[in-house]
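Encoded as structure tokens, the structure appears first; notes follow it.
Please treat every number below as a calculation from the coordinates, not as lab data. Predicted model only: the values in this text are computed from it and were never measured. Methodologically, a virtual Cβ is constructed for each residue, glycine included, from the backbone with ideal geometry; neighbour enumeration extends over all protein chains shown.
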Amino acid sequence: MSTYTPAQIESKWQAAWADANTFKATRTEDKPKYYVLEMFPYPSGRIHMGHVRNYTMGDVIARYKMSTGHNVLHPMGWDAFGMPAENAAMASGGHPKDWTYQNIADMKAQMKPLGLSIDWSREFATCDPEYYGQQQALFIDFLEKGLIYRKKAVVNWDPIDMTVLANEQVIDGKGWRSGADVERRELVQWFFKISDYSEELLSAIDTLDDWPAKVKLMQANWIGKSRGLQFSFSMVDGPDGHDRVEVYTTRPDTLMGASFVGISPDHPLARELERDNPEIAAFCAECRKGGTTAAELETAEKKGYDTGLTVRHPFDTSWELPVYIANFILMDYGTGAIFGCPAHDQRDFDFATKYDLPIIATYLPEADSDPQLTEAYVPLKSESVHYVKGFAGEPVQTGDDGVNAAIAFCEENGVGHGVTKFRLRDWGLSRQRFWGAPIPVVHCDDCGVVPEAKENLPVELPYDVTFDVPGNPLDRHPTWRNCACPACGKPAQRETDTMDTFVDSSWYFARFTSPDAATPTDAAEAAYWMNVDQYIGGIEHAILHLLYSRFFARAMNMTGHLPDSAREPFNALFTQGMVTHAIYQTPSNTAARPIYHYPEDVEVRDGVTVLKATGQEVEVIPSAKMSKSKNNVVDPDNILAQYGADTARWFVLSDSPPERDVEWTASGAEAAFKHISRVHRVATDIAAMTDATGQGDEELIRATQRATLTFQVSGTLR
RNA sequence: GCCCCCGUGGUGGAAUGGUAGACACUGGAGACUUAAAAUCUCUUGGCCGUAUGGCCGUGCCGGUUCGAGUCCGGCCGGGGGCACCA
């Protein structure tokens, strides 16, 4: 009987693979290709079990495809721009660049012992000037093709730190460092015209046969195609230049239930009114307090201000409706104005109740229903309803048919027209931060906004910056922004905004096909390796990252950087579950928050989980996301040292189906180790067993079945 | 608030609308051992029963069906996303 010594076995084979360049991807036309990719990591400094699980899945597929005659591309890189590096620089000095590259070195050292089949020769970080310089070239090409434009957009503004805050830096409407009330403020920013592709990004979802249905549904809902009526109310006595209020509604069938018109505090009419009316100005200012997130806006207490203005109902000009400024109406969806129908929309109902506005039902559940509603009546799809109020006395219908009939009726009577709208907004890419790819444009007094010349790329980040005060160091750098205008040659100023980190991750998969090319991609390499055959990552990227990448592939196709066949870049998508771990906690006498204990400090005695040191009973919260602050993180280094990579890999793939969460448990890890040990033992003893009298046959069959499966996942026991 | 997903033994989980709990972990019993570990065998949803066996069971309530873990409606609980976290 031989002993299983993973440290020796794994290091031996890993060295052999490295020497033989086993995992180097080479383009040869005699073999089919296979491109497997895991979502690349942010270099936080330590890998965690989620990474192990993610890369193991890709590794299993890569090894399988290699063994079936494919040229396999299985690369790895680093999503290296972002706020944590700046936060680290602010907290402890140093430079984001040094922090980031050190973290990359540390994480790579942790990943190597996992024995992954990665072609490390293609490695890059998005903060490498060679990478973001090519990204700047893409920006310039997109700009030329009209895929990028500038407009005003709101940001979270911290009035004490005088800086823009990310949503996660706004806590309960206050700046995370200053504690000041955050305000919404408008800045001129750059946008990708992703909305040009709304229809195509939506309809092409049908072609993504190997994507999870739920991701496709989430993307479809995000794009949010709707059919509705756009029309305008005429104002009874509006200010100059405001004789109509344009609204969009998906429920024109309830138009006879209108009881008010609501406009966003950022609507042009509200802007006009607040100029002369301090009370309105104060109300709008109040509405602009707090963060910019949809969740915050929609859960905030509904507030309205009666402007005193009225509009005429389109079907009865003697019927006047009050105009309210309301804090829950978003300027950037629809027209920034709505008609309120309290009887059939709960939000409008709450608003009408609060401001004592009429609640007019256009239909009721039954003919003899009490018309005094206590909540909005929104019928189920299958439910038939009784109409009490329709257009020109005629009843309408519920559902899509009712909406279409209402649109047709309104169009016939000269009230607006049917339109198709999308919820998808253009993608704002400007960030008022240092640690990102500089937006390669120059502001010239004579020429205006001019793209940097490609021969001057990359526009590189300076190293001599400090983070002792909040804000973007590029703004206050003494010389960096000074440059010559690429058009006229006169002195000009660089843009100091950098790009959203989602830009970096929207085309890295294409760059992996030719990481050293002098252009963003190499046509022959991209044509051979694209698309990604299997993409693997977390469900948290189901919408933004994947949608942006789908847009980028189209934009790169339009600008000649990707072939037509790569307009949908990911043939198959797999969304893996998280690796979780129990939290062990005891109540604290002094703080509201409990005391969290490390797994190694607790044990089970007589079925009760207790602290080893004191015997005190511990509350166990199962299956919680691993978090440093909860002391429930399992460090892959320790697991690898104790059991070896194959055990860790086997456990995170076998204990729970790959798409579901897996709870890391010490007993489960122990069991996985026993299993791998058993496979190893039997495999190495097969010769001896077959020499014997044949009594080992049954054992051999079982062992062979286990080994076949295990080899697919771990692969190093050969 | 809106969109999406999930809920089955002590645990991870399995079940094209057709015998619920495959497989595995833990636990229990046993074999081997001076002993322990390791390994191997049996056993392990709950309740009643010495037993043959019976009853109850897939978060809750209702519906469709000859038949529901599975389909439909409504709840409850947990999770993910909501456009400047990555």
Length gained when the stretch A:LYS354-A:ASP181 is fully extended (0.36 nm per residue, less Cα-Cα span):
59.7 nm
Report the paramagnetic label zone for A:THR479: residues of the stretch A:489-518 whose backbone N is under 13 Å from a point 7 Å from Cα along the Cα-to-Cβ axis.
none
Which angle from 0 to 90°, rounded to the nearest 10, does the C-alpha axis of helix A:96-111 make with the longest principal axis of chain A?
50 degrees
Return one number: the angle in degrees, 0 to 90 and rounded to the nearest 10, between the long axis of the Cα atoms of helix A:278-287 and the longest principal axis of the Cα atoms of chain A.
20 degrees
Taking loop as defined by DSSP and a crowding limit of 14 other beta carbons within 10 Å, which chymotrypsin sites (Phe, Trp or Tyr not before Pro) in the stretch A:130-170 fit?
none
As a test of the formula, what do you get for chain A when each DSSP H run with n ≥ 4 contributes -39,500 (n - 2.57) and the sum is divided by the residue count, at 222 nm and rounded to the nearest 500 deg cm²/dmol?
-10000 deg cm²/dmol
Any idea how far the Cα center of the stretch A:1-47 sits from the one of the stretch A:221-240, in Å?
57 Å
To the nearest 0.05, the calculated FRET efficiency linking A:ALA204 and A:ILE543 through their beta-carbon distance, R0 being 22 Å, is 0.90
How many nm is it between the label spots at A:LYS225 and A:ALA295, if each spot is 7 Å from the Cα in line with the beta carbon?
2.9 nm
Could you give the size of the charge dipole of the stretch A:1-127 about its Cα centre, using +1 on the Cβ of each K and R and -1 on the Cβ of each D and E, expressed in debye and rounded to the nearest 20?
260 debye
Check A:ASP345: other-chain or 5+ apart residues with amide H under 5 Å from its amide H, H built from backbone geometry?
A:TYR377
Please give the FRET efficiency for A:SER629 paired with A:ASP368, using the beta carbon to beta carbon distance and R0 = 41 Å, rounded to the nearest 0.05.
0.10
Check A:TRP176: other-chain or 5+ apart residues with amide H under 5 Å from its amide H, H built from backbone geometry?
A:ILE171
How far is helix A:697-713 tilted, in degrees, relative to the longest principal axis of the Cα atoms in chain A, given as a value from 0 to 90 rounded to the nearest 10?
50 degrees
So for the pair A:LYS490, A:ARG275, with labels modelled 7 Å out along Cα→Cβ, what separation do we get in nm?
3.1 nm
